[in-house]
1. Using the structure shown, decide if A:LEU51 is at pLDDT 95 or above and out of contact with any Gly (no Cβ under 6 Å at 6 or more places or on another chain).
2. Taking the conditions exactly as written (touching a Phe, Trp or Tyr at 6+ places or on another chain (Cβ under 7 Å) and over 30 Å from B:THR232 (Cβ atoms)), does B:ALA34 satisfy them or not?
3. Does any residue of region B:258-280 turn out to be in contact with a Phe, Trp or Tyr (Cβ under 8 Å, 6 or more places away or on another chain) and open to solvent by 30 Å² or more (accessible area, probe 1.4 Å)?
4. Does A:ASN158 meet the test of being under 19 Å from the mean Cα position of the chain (by Cα) and under 25 Å from A:LEU69 (Cβ atoms)?
5. I need a count of the residues in region A:55-74 that are away from ligand 2 (no atom under 16 Å from the Cβ) and outside any strand (DSSP E or B).
6. Checking the conditions here, which among B:PHE297, B:PHE289 is open to solvent by 30 Å² or more (accessible area, probe 1.4 Å), away from every other protein chain (no Cβ under 14 Å), among the aromatic types (Phe, Trp, Tyr) and over 20 Å from B:TRP54 (Cα atoms)?
7. For region B:102-122, indicate whether the set of residues that are part of a loop (DSSP other than H, G, I, E, B) and farther than 22 Å from B:MET237 by Cα is non-empty.
8. Having 2 or more residues that are within 12 Å of chain B (Cβ to nearest Cβ), open to solvent by less than 10 Å² (accessible area, probe 1.4 Å) and away from ligand 1 (no atom under 16 Å from the Cβ) is the bar; report the helices (runs of 4 or more DSSP H) wholly within region A:75-179 that clear it.
Amino acid sequence: MEDHMPLVDIRDLKVAFDGVQVLHGVDLTIEKGEAVGLVGESGCGKSVTWLAALGLLPKKATISGQVMLGRDDLVIASQRQLESVRGRRIAMIFQDPSSSLNPVIRVGRQIEEAIGLHRGLTGKAARAEAKRLLELVEIPDAGRRLDNYPHEFSGGQNQRAMIAMALAGNPDILIADEPTTALDATIQAQILDLLARLRAEAGMAVVFISHDLGAVSEICERVCVMYAGRIVERCPTAALFRSPRHPYTRGLFGAIPRLDAGRERLKPVEGTVPEPGKMPRGCAFSPRCGRATEKCRTSLPILSRLEEDCDVACFHPVLEDAPRHSSRKSAEALSMLELI
Amino acid sequence: MFAFLLTRIFRALLTIVLVVTFAFVVLRMSGDPAQIIMGPDAPPEAIAAFRKNWGLDDPIWLQYLHYFGAILQGDLGISMRDGQSAVELVAERIPATLQLTIPALILKLALGIPAGIYAALHRNSLIDRMVMAGAIAGFTMPSFVLGLILVLIFSVTLGWLPSGGQDSWTHAVLPILTMSIGGAGILARFSRSAMIEVLGQPYIRTASAKGVAWARVVRGHALPNAAIPVVTIVGFMVGSLVAGAVVVESVFSWPGVGRLLVVSVANRDLAIVQCIILLIAATMVVSNFVVDILYGFLDPRLRSNQAKA
Ligand SMILES: Nc1ncnc2c1ncn2[C@@H]1O[C@H](COP(=O)(O)OP(=O)(O)OP(=O)(O)O)[C@@H](O)[C@H]1O
Ligand SMILES: [Mg+2]
């Protein structure tokens with residue numbers, strides 16, 4: 001059948017740290033140029049999924065499954081192969097921009113290093129390109145700022161510099177792992193705009209990892225919701241906002257942070273995420289789920305097609321549309337986000 | 001930057017003054033030089049004359065003022081034993097000490113730092129454990145014990161190397177080894193933990209994520225950061241170049257500053273002891289100062305703080 005090949009195809013990805021399993025088989029495909037949101041509570045495995053894909057986990061991690069990039073499986077790829085993928089095919093930026101740049105190396109040199117690796121430019125040419133990239137991410141006075149150290153940049157500027165570095169290799173896909181969580185609200189909105197613009201200009205795919213459904217909806221066409229090391233719901237953003245089907249997703253919508261309350265981490269639904277290694281039998285969400293039945297506690301729902309483009313891993317998905325108040329609340333949050 | 005230098009210099013001088021004062025007080029409190037230098041059988045008149053001659057009957061604060069006034073004029077006094085200038089006596093011993101401490105410092109660096117880095121890069125491997133066990137053994141063993149063990153093995157049993165004296169370079173081998181092993185152990189442990197700390201930082205993951213090969217991540221991104229804390233320890237070791245050999249020089253009868261210090265303390269030869277202590281304090285302070293400057297060089301965050309200060 002294969003004339004269509006997704007950009008990245010993650011199949012049944014499992015990760016364990018020292019024998020404790022934290023990813024329980026993640027399936028995720030990313031098409032060329034699309035923007036996909038990956039949301040879920042802290043610790044559900046969003047970062048680990050992509051760190052595993054890039055071979056960036058510590059040695060104690062055991063990884064199984066496949067991460068297909070074209071015809072190459074990154075899970076079994078050699079170190080050399082991985083190095084040629086990182087930054088060039090798949091770039092990644094991280095949550096805490098201020099500690100993600102090397103404190104003792106000038107920002108310009110860190111960008112030039114990536115340029116040198118991926119485009120073979122050195123010296124003046126590399127510097128000119130670094131300047132162009134800094135301008136592209138809207139850092140004023142870019143030529144002079146190249147000689148600054150990360151501590152002389154603000155948090156938002158550091159994240160811009162990270163993005164510039166990620167763009168240096170013209171990647172097919174950018175993994176943005178909570179790129180705005182550490183920044184304050186105005187800066188968050190600016191970085192989101194920047195990402196949206198760059199994505200449109202460069203035509204690269206973006207995976208946007210976030211706690212913030214509002215932010216996700218601004219950028220992404222598709223959203224995957226993760227819970228405890230699995231994807232539990234996967235559908236287009238509009239459909240997800242109109243009618244979240246998984247009880248957990250519904251819980252997340254109840255928890256869109258109110259803007260007047262400041263931005264807190266999502267804390268949806270009663271109870272806490274089960275600790276890795278202490279997973280309940282059956283559906284991992286069942287202990288917290290109002291709709292759970294005996295079946296949920298004994299057998300595991302797999303991610304399957306519920307309706308057009310919408311996959312849910314739940315025996316008792318919510319079929320009615322979202323209750324008015326929660327959709328109004330999320331709409332409110334969204335419209336306020338757009339105002340910023 | 002200027003203000004920063006000025007406060008540093010002021011603090012350095014203050015440290016020296018405090019050390020010298022402390023040494024002065026402790027030495028005057030801990031025994032009568034007249035009795036010790038003149039010997040137990042000296043007639044009381046001779047002792048009284050000696051005390052008078054050296055101003056030992058003055059109240060201690062007056063002695064201190066005299067002493068301090070002389071230092072300010074560059075006069076560190078003369079040996080109570082043979083009347084030679086203290087500075088000259090100490091200065092002529094310095095080369096002998098440096099013959100041991102400089103090679104020892106180089107050996108410490110050459111063994112300790114690579115071992116620590118290797119151990120950090122292969123954390124929890126067999127080699128890591130062996131390096132760390134060796135390092136702990138190295139720096140917990142007192143140097144006189146280590147010196148005696150080395151003498152037992154290499155001089156007494158194998159007969160390869162002399163156990164004392166200063167006649168040829170072979171005489172220096174055992175003292176240098178004795179001095180190096182502890183320091184190498186400390187450096188190994190320190191470099192290892194600095195390196196492990198740095199390797200866990202987000203910017204290391206960033207460097208890998210942008211496609212930098214691991215060897216280059218280690219060299220270009222981790223080492224320059226890990227060097228910052230290690231420099232402190234190295235600075236401390238440089239600071240003890242002149243005086244770091246007290247025990248080892250005594251064990252191996254090596255005629256350096258350290259041995260002179262031991263002998264002079266036993267004799268209560270105040271001028272010499274004070275001169276050596278001043279020298280120790282001064283080298284410590286100077287190397288501290290250099291370390292601070294070096295910090296600014298290695299760590300741009302500090303550099304801008306210094307510029308602001
Ligand atoms: N290096 C590691 N060693 C051991 N366990 C780890 C490691 N990295 C992640 N984990 C565990 O894997 C699980 C998933 O972590 P992950 O970082 O992917 O969460 P996340 O969804 O990205 O959360 P957050 O929103 O807080 O970033 C967590 O339980 C975490 O404790
Ligand atoms: Mg994460």
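1. Details: at pLDDT 95 or above: yes; out of contact with any Gly (no Cβ under 6 Å at 6 or more places or on another chain): yes.
Yes: the conditions hold for A:LEU51.
2. So B:ALA34 fits the description; yes.
3. No; the residues of region B:258-280 include none that is in contact with a Phe, Trp or Tyr (Cβ under 8 Å, 6 or more places away or on another chain) and open to solvent by 30 Å² or more (accessible area, probe 1.4 Å).
4. Details: under 19 Å from the mean Cα position of the chain (by Cα): yes; under 25 Å from A:LEU69 (Cβ atoms): no.
So A:ASN158 does not fit the description; no.
5. Residues of region A:55-74 away from ligand 2 (no atom under 16 Å from the Cβ): A:55, A:59-60, A:62-74.
Remaining after also requiring outside any strand (DSSP E or B): A:55, A:59-60, A:70-71, A:74.
Of the residues in that region, 6 qualify.
6. Working: B:PHE297 fails: away from every other protein chain (no Cβ under 14 Å).
Result of the check over B:PHE297, B:PHE289: B:PHE289.
7. Filtering region B:102-122 down to residues part of a loop (DSSP other than H, G, I, E, B) leaves B:122.
With the extra rule that they be farther than 22 Å from B:MET237 by Cα, the set shrinks to B:122.
So far as region B:102-122 goes, yes, one or more of its residues are part of a loop (DSSP other than H, G, I, E, B) and farther than 22 Å from B:MET237 by Cα.
8. On the way: elements: A:79-85, A:97-100, A:107-119, A:123-136, A:142-145, A:155-167.
Ranges flagged: A:107-119, A:155-167.
The values are calculated or read from the model by the stated rules, or taken from the named source; none is laboratory data. Since we're looking at a predicted model, the values are computed, not measured. Because the Cβ atoms are built from the backbone with ideal geometry, glycine has one as well, and the counts that use them run over all protein chains shown. The area values use the complete protein model at the heavy-atom level, side chains included, leaving out ligands, DNA and RNA. Shrake-Rupley method; radii C 1.70, N 1.55, O 1.52, S 1.80 Å.
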